[in-house]
Amino acid sequence: MYSKYLFLWLILFSIKTNSQIVEEKKNFRAADSLLKESSFSVHRDNYFLTGVPVNEAITRNSADVKYQISFKLRLTSKPWVGGFFPYLMYTQKAFWDIYANSKPFSEINFNPGFAVVRPFYLKGGRLTYGTISLEHESNGRDSIYSRTWNMLAFSLKSQVSPRWTVGIRGWIPLVDKEDNPELTKYVGYGEASATYQIQPGRWSADILFRKGSGLINYGSLQTQVNWKPFKHENYYLTLQWFVGFTESLIDYQEHKSMVRLGFTIKPENMGIF
């Protein structure tokens with residue numbers, strides 16, 4: 001039982017330890033990395049993608065559009081006790097069966113939350129964010145179609161080199177097991193992410209791995225390659241592949257493998273997680 005939360009305690013220990021290995025900057029504070037962007041800004045990737053399955057027949061009902069809207073609001077320009085900055089966050093992800101006859105939305109997932117973010121530098125000048133967040137995610141339905149859960153999450157994200165940014169995130173899931181049996185098995189207890197700048201300012205690659213319960217069961221992997229057609233604009237052409245479970249809450253027990261292509265707007269600076 002306790003082993004399930006070992007991952008979370010390691011993150012908490014890391015946040016505490018990192019405060020002792022901060023590297024001071026003469027002309028740039030770690031907090032400036034948050035303050036230089038607008039108080040209202042992009043949170044996760046905002047995208048509009050369309051694609052087809054790779055593990056089943058391609059039909060008008062299996063092809064779809066997936067889009068995501070995500071933003072955050074920094075509540076104050078002055079840090080709270082401990083150097084933490086408070087944020088409100090909101091992400092909405094939708095699955096649209098645009099090629100079907102009536103073009104219905106098959107699923108919409110809502111993910112509001114509150115977070116406090118502690119920016120600091122590791123030795124070597126590596127900008128790092130430690131974040132604690134309380135989040136809710138649901139699909140806004142009732143009865144047998146209701147899917148909902150809450151989480152208390154802890155994360156570290158660091159720009160370890162000019163080209164590499166890596167992150168690790170763990171959470172304590174709070175789930176109504178009567179309405180959502182075994183949901184915890186599929187959402188798991190943590191995820192890891194990485195971004196590599198193939199050609200800085202033009203080409204990049206992202207990977208996000210979420211681990212479900214068990215040694216090899218459940219979980220998901222999402223990879224994407226992004227190309228910026230115009231150097232001074234913040235939108236990308238994205239090719240994305242998702243394989244695994246919980247791409248949407250309604251079908252969290254269904255294994256998916258989808259390839260999609262479309263446009264993405266990314267955060268201008270390193271995301272808070």
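If you take every residue apart from ALA192 with its C-beta less than 9 Å away from the C-beta of ALA192, what net charge results, scoring Lys and Arg +1 and Asp and Glu -1? Neighbourhood net charge equals +2.
For segment 52-148, the normalised intensity computed at q = 0.12, 0.17, 0.25 Å⁻¹ comes to -0.61, -0.86, -1.24 (log10 of I(q)/I(0), Debye sum over alpha carbons, equal scatterers, no solvent).
Among SER70, SER143, SER213, which one shows the highest mean-square fluctuation when the chain is modelled as a Gaussian network with alpha-carbon springs under 10 Å? Looking only at SER70, SER143, SER213, the largest GNM fluctuation is found for SER143.
Hey, got the dipole for the chain? About the Cα centre, +1 on K and R Cβ, -1 on D and E Cβ, debye to the nearest 20?
Working: 32 positive and 23 negative charges, 231 e Å.
Dipole size: approximately 1120 debye.
For the chain, the alpha-carbon radius of gyration amounts to 1.02 times the rule-of-thumb value 2.2 N^0.38 Å expected for a compact globular protein. Among ARG44, ARG147, the order of accessible area from largest down is ARG44, ARG147, computed with a 1.4 Å probe on protein heavy atoms.
For segment 212-273, divide the Cα radius of gyration by the Kirkwood radius and give the resulting Rg/Rh value with two decimals.
Values: Rg = 14.8 Å, Rh = 13.6 Å.
For segment 212-273, the value is 1.08.
State in Å² the accessible area per residue of the chain; use a 1.4 Å probe, count heavy atoms of protein chains only, and round to the nearest integer. Before the final figure, lay out each step's value.
Numbers: 14560 Å² over 273 residues.
Result: 53 Å² of accessible area for each residue.
Could you pull out the pairs from LYS72/LYS93; LYS72/LYS231; LYS231/LYS266 whose alpha carbons sit more than 18 Å apart here? Violating the 18 Å Cα-Cα cut-off are LYS72/LYS231.
Using a 1.4 angstrom probe on heavy atoms only, work out the carbon and sulfur share of the accessible area of the chain in %. Don't skip to the answer; put the middle values down first.
Details: 8890 of 14560 Å².
Roughly 61 percent, rounded to a whole number.
The values are calculated or read from the model by the stated rules, or taken from the named source; none is laboratory data. Remember, it's a predicted structure, so these values are computed and weren't measured experimentally. Because the Cβ atoms are built from the backbone with ideal geometry, glycine has one as well, and the counts that use them run over all protein chains shown. The protein model used for the area step is the full one, side chains on, heavy atoms only, and it has no ligands, DNA or RNA in it. Shrake-Rupley method; radii C 1.70, N 1.55, O 1.52, S 1.80 Å.
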